[in-house]
Amino acid sequence: MKKILFVCLGNICRSPMAEAVMKKLVKDRGLETNYEIDSAGLISYHEGEGADPRMKMHARRHGYLLTHISRPVRELDFDLFDYIVSMDDSNWDKLHCLAPTAEAAAKIVRMTDYCHTHVIDHVPDPYYGGDQGFENVIEILEDACGGMLEDLENQP
Ligand code: 4NP
């Protein structure tokens, strides 16, 4: 069983979208029993809320249903998950501050490091932007999650 936690700032746009993209990839390949996939945020401001309605609307257009409820990252997550996936440099820095041990910090990876077609170093925060930002997030996450799943399935 491989356990993946996607993390962004608010856990209402990028990380719940990544969770939905990866869950669909895993389901489409019949790998559901091999993966546990969740998402969380670095601020608790949106705790208990569903995904941003704009993210939900764009997700639906691409065939994804976002059902995740926002929750903050907990220290326990570093024990429970094998991969803690950050969306940008700010997430990366905050996750390293939260990681209780060096072993825990070694679980933090960058989402965009798994991209095959996009040459970028972060998933841009769409929160204060327009429609194109949300579409861009989905396009990047489909590339990155596809690359990540391929990597994980090729591991011995
Ligand atoms: P996310 O987007 O980190 O992709 O979920 C944001 C959500 C909320 C805020 C910022 C970014 N906020 O400032 O409340």
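Quick notes on this one:
- Residues that are touching a residue at least 12 places away in the same chain (Cβ under 8 Å) and surrounded by fewer than 17 Cβ atoms within 10 Å (Cβ to Cβ) within segment 73-82 comprise R74, E75, D79, L80, D82, listed in sequence order.
- For segment 106-115, the criterion of a residue being open to solvent by less than 60 Å² (accessible area, probe 1.4 Å), touching a helix residue (DSSP H, G or I) at 6+ places or on another chain (Cβ under 8 Å), hydroxyl-bearing (S, T, Y) and not in a loop (DSSP other than H, G, I, E, B) is satisfied by at least one position.
- Candidate set from segment 122-143 (those that are open to solvent by 30 Å² or more (accessible area, probe 1.4 Å) and in contact (Cβ under 8 Å) with a residue 24 or more places away in the chain); member that is farthest from C8 (Cα to Cα): D131
- Taken together, the criteria exclude L65 from residues that are open to solvent by 20 Å² or more (accessible area, probe 1.4 Å) and closer than 24 Å to K107 by Cβ.
- Residues of segment 8-28 include none that is more than 10 Å from the ligand (Cβ to nearest atom), within 12 Å of the chain's Cα centre (by Cα), under 20 Å from G147 (Cβ atoms) and not in a helix (DSSP H, G or I).
- Within segment 1-43, being open to solvent by 60 Å² or more (accessible area, probe 1.4 Å), touching a strand residue (DSSP E or B) at 6+ places or on another chain (Cβ under 6 Å) and in contact (Cβ under 8 Å) with a residue 60 or more places away in the chain holds for one residue alone: K3.
- Hits in segment 128-156 - residues which are more than 20 Å from I84 (Cβ to Cβ) and over 15 Å from the mean Cα position of the chain (by Cα): Y128, G129, G130, D131, Q132, G133, E135, N154, P156
- Condition met for D89 (over 15 Å from the mean Cα position of the chain (by Cα), surrounded by fewer than 17 Cβ atoms within 10 Å (Cβ to Cβ) and of a type in the set (D, E)): no
- If you go through segment 42-97 and keep only what is of a type outside the set (K, R), within 11 Å of the ligand (Cβ to nearest atom) and not in a loop (DSSP other than H, G, I, E, B), you end up with M55, S86, S90, N91.
- Members of segment 1-15 that are in contact with a Leu (Cβ under 7 Å, 6 or more places away or on another chain) and either farther than 22 Å from C97 by Cα or hydroxyl-bearing (S, T, Y) (or both): K2
The values are calculated or read from the model by the stated rules, or taken from the named source; none is laboratory data. What you are looking at is a predicted structure, and each value in this text was computed from that prediction instead of being measured. Heads up, the Cβs are rebuilt from the backbone with ideal geometry, glycines too, and the neighbour counts pull from every protein chain shown. The protein model used for the area step is the full one, side chains on, heavy atoms only, and it has no ligands, DNA or RNA in it. Shrake-Rupley method; radii C 1.70, N 1.55, O 1.52, S 1.80 Å.
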